[in-house]
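First up is the structure itself, then whatever we jot down about it.
The values are calculated or read from the model by the stated rules, or taken from the named source; none is laboratory data. These numbers were taken from a predicted model, which means no experiment stands behind them. Every residue, glycine among them, receives a Cβ derived from its backbone with ideal geometry; neighbour counts consider all protein chains shown.
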Ligand code: SF4
């Protein structure tokens, strides 16, 4: 019997609405939902393969517990007994920081990943938190924290209305958006050009996005901040600064002018390999456009000056008056944000409230660099215990973090490790307990994180498209039980976790003067919540307390879960609007344009004006049919151009005596890998590229298709020592490598 069901796609940040075909509780097809208020029918090859990813036979169905050195199938009760027995002794003997929590980026694509890790961390009180953010986006959070006082206040480019878009280190034609949720990003770029707007792309590779642009600037990898600083210099030098409506909300403009005085286009040109004239043109075009937005992503974040580059992206938007105005870069307002408090000074953002134990890296946003995870496990110091136990949720740092070999060994030495993951992969193979969540078709979906980054305000919720089988456990319940087992409450009802969060949230809301429920009885409010289970009641609470919510009856036409369920294709909440000064939480209540940590880091950038390493440097690359290491086990999404090859410009290949298709040894500071060479004119000379997320060749994994063509782990070329010092983000781009031919093709 065939039927259809709606499901928001969890396979990338674009959050497209899908219409699934379901036959006998199996998803057999997926197409774009034309009535989805946000994605309007858009779908990409990953979304079209939802069914294949969902029914992958290598997905684990049953919990596994290590007995006699082997992972063996167990019941859910046995598994959680083992979690409690494994974690609590570590906490009690070595203290909470001896438990490391590792969160992978799929967490932001699930309801469970949004609702429970914060409760887990609060209950455990560990400072040993490591996430995928320090592999790609922490620089943006740190720069937002310093500029606006809120690390999660990330302005997004107004793609549908801008006249001029400057992308740096971003390739949305392959990866859709990132920190910018936009279904059909490619279509939005084409629409920009069709309405007479201009697209500029700065990227060392001539990517598909670059080929679409009016102007492509192939700067040297790692020089993004220098290029942006020189553009900022031009704005001041040529009197092009115009804050417009932002003037009352910004402080520190003169300080920025002084700070970029030495970053002339002529000084930056040599380091960036971009002519001074081009740099001036980029700045002039930005200033002259009726509206414009600068958007920087992974390529500009995963470099030695990632936070400075992220800061300069926003500085350029501010100085041209494009922050917080239609057509520029705006702050979304999500339906589950708390009702905005009145504008005014806030507590600001602090970095380095604690440090990592071994290399003394400062925390950022409560996290330590994931590059330091291995040393925090395998290195003893006088300053507290090494990490002895790890809780990993949807994380595969053996592939995604630098020096996977060292981390692989370190994870194997732990006293205890519990992993929530559907696969027996390079990281989860070390688990003492492995807890598999059900496939995505059997889970509800709400985008708590991505709605805060969306290019249009909207809200959508899809319940599970397929019922959970009797032997499976919902991921929300898995994580609630994990919270209980890790915090000494093993055996309690998992709904108690949700009830506790509801009590605390409503208890606080009724004390806040600006809240729509100020002065009411929290127990009465809790009794009004609807939903089939604890997570749904929490969602109802967040919607009703939110900026569009019904305020538990205070606003008759406001949002609630009930109202959202009556709109299965979602509710459009309108285009992004100007919001300043309300989002600002800095101590001054203004945009602090030159924060102290940024000013202190600028001398390091100035030194980079005169630095230019000889030899080749490595950059990563994305593919439309891939997302990190997630989808390599889906046959429909592998092969063709989605291969783990080393891209190199023919001129470099010829100089090094390489043959197209032959194997080459790539050596970096952390090790060496062997990959086939692929010649391409689409990369600038002096730069080579390997994709990320490959290397599925370790024993003890169960990813049968991925292991047929395992590729190599690019992160093995890194030793983990290269970081952006402000954010702790790993340096993954612009890394020096050496090549040596191994053989010739047969
Ligand atoms: S663009 Fe992203 S969200 Fe949309 S269908 Fe593709 S993978 Fe899914």
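Some points to look at:
- Candidates 62, 28, filtered to the one that is out of contact with any helix residue (DSSP H, G or I) (no Cβ under 7 Å at 6 or more places or on another chain), more than 16 Å from the ligand (Cβ to nearest atom), more than 30 Å from residue 456 (Cβ to Cβ) and at pLDDT 95 or above: 62
- For segment 656-716, the strands (runs of 3 or more DSSP E) that sit wholly inside it and include 1 or more residues that are surrounded by fewer than 18 Cβ atoms within 10 Å (Cβ to Cβ) are 663-668, 671-679.
- The test for being in a helix (DSSP H, G or I), over 25 Å from the mean Cα position of the chain (by Cα) and either farther than 21 Å from residue 139 by Cα or within 16 Å of the ligand (Cβ to nearest atom) (or both) does not hold for residue 239.
- Filtering segment 541-561 for residues that are part of a strand (DSSP E or B) and under 24 Å from residue 33 (Cα atoms) leaves a non-empty set.
- Residue match in segment 564-579 (condition: within 27 Å of residue 117 (Cα to Cα), over 27 Å from the mean Cα position of the chain (by Cα), touching a residue at least 40 places away in the same chain (Cβ under 8 Å) and not in a loop (DSSP other than H, G, I, E, B)): yes
- Test: residue in segment 15-23 that is more than 25 Å from the chain's Cα centre (by Cα) and away from the ligand (no atom under 16 Å from the Cβ): yes
- Restricted to segment 1-14, and to residues there that are in a strand (DSSP E or B) and more than 15 Å from the ligand (Cβ to nearest atom), the residue that is surrounded by the fewest Cβ atoms within 10 Å (Cβ to Cβ) is 2.
- Residue within segment 71-93 that is under 30 Å from residue 179 (Cα atoms) and in contact with a strand residue (DSSP E or B) (Cβ under 7 Å, 6 or more places away or on another chain) present: no
- Residue 76 passes every criterion in (1) buried (at least 21 other Cβ atoms within 10 Å of the Cβ); (2) over 30 Å from residue 366 (Cβ atoms); (3) more than 16 Å from the ligand (Cβ to nearest atom) apart from (1).
- Looking only at residues of segment 610-633 that are assigned to a strand (DSSP E or B) and in contact with a helix residue (DSSP H, G or I) (Cβ under 8 Å, 6 or more places away or on another chain), we find that the one that is farthest from the ligand (Cβ to nearest atom) is 616.
- For segment 637-655, a tally of residues being modelled with pLDDT of 85 or more and either under 20 Å from residue 401 (Cβ atoms) or exposed (fewer than 15 other Cβ atoms within 10 Å of the Cβ) (or both) returns 5.
- Qualifying residue in segment 543-555 (condition: under 21 Å from residue 570 (Cβ atoms) and at pLDDT below 95): yes
- One residue from 352, 321 being crowded, with 19+ Cβ neighbours inside 10 Å and assigned to a loop (DSSP other than H, G, I, E, B): 321
- In the set (1) under 19 Å from the mean Cα position of the chain (by Cα); (2) in a strand (DSSP E or B), residue 371 fails one condition alone, (2).
- Taken over segment 198-214, the criterion of being in contact (Cβ under 8 Å) with a residue 60 or more places away in the chain and surrounded by fewer than 21 Cβ atoms within 10 Å (Cβ to Cβ) is satisfied by 198, 206.
- Checking each residue in segment 33-47 for being over 16 Å from residue 642 (Cα atoms), within 9 Å of the ligand (Cβ to nearest atom) and touching a residue at least 60 places away in the same chain (Cβ under 8 Å) picks out 39, 42.
- Take the conditions (1) over 20 Å from residue 429 (Cα atoms); (2) more than 16 Å from the ligand (Cβ to nearest atom); (3) surrounded by 14 or more Cβ atoms within 10 Å (Cβ to Cβ); residue 93 misses just one of them, which is (3).
- Check on residue 524, surrounded by 14 or more Cβ atoms within 10 Å (Cβ to Cβ), modelled with pLDDT of 95 or more and assigned to a helix (DSSP H, G or I): no
- Segment 183-197 residues that are within 15 Å of the ligand (Cβ to nearest atom), paired with ones that are part of a loop (DSSP other than H, G, I, E, B) and modelled with pLDDT under 95 (beta carbon under 7 Å, 6 or more apart): 185/176; 185/177
- Out of 387, 377, one residue alone is assigned to a loop (DSSP other than H, G, I, E, B), in contact with a strand residue (DSSP E or B) (Cβ under 9 Å, 6 or more places away or on another chain) and closer than 17 Å to residue 96 by Cα. It is 387.
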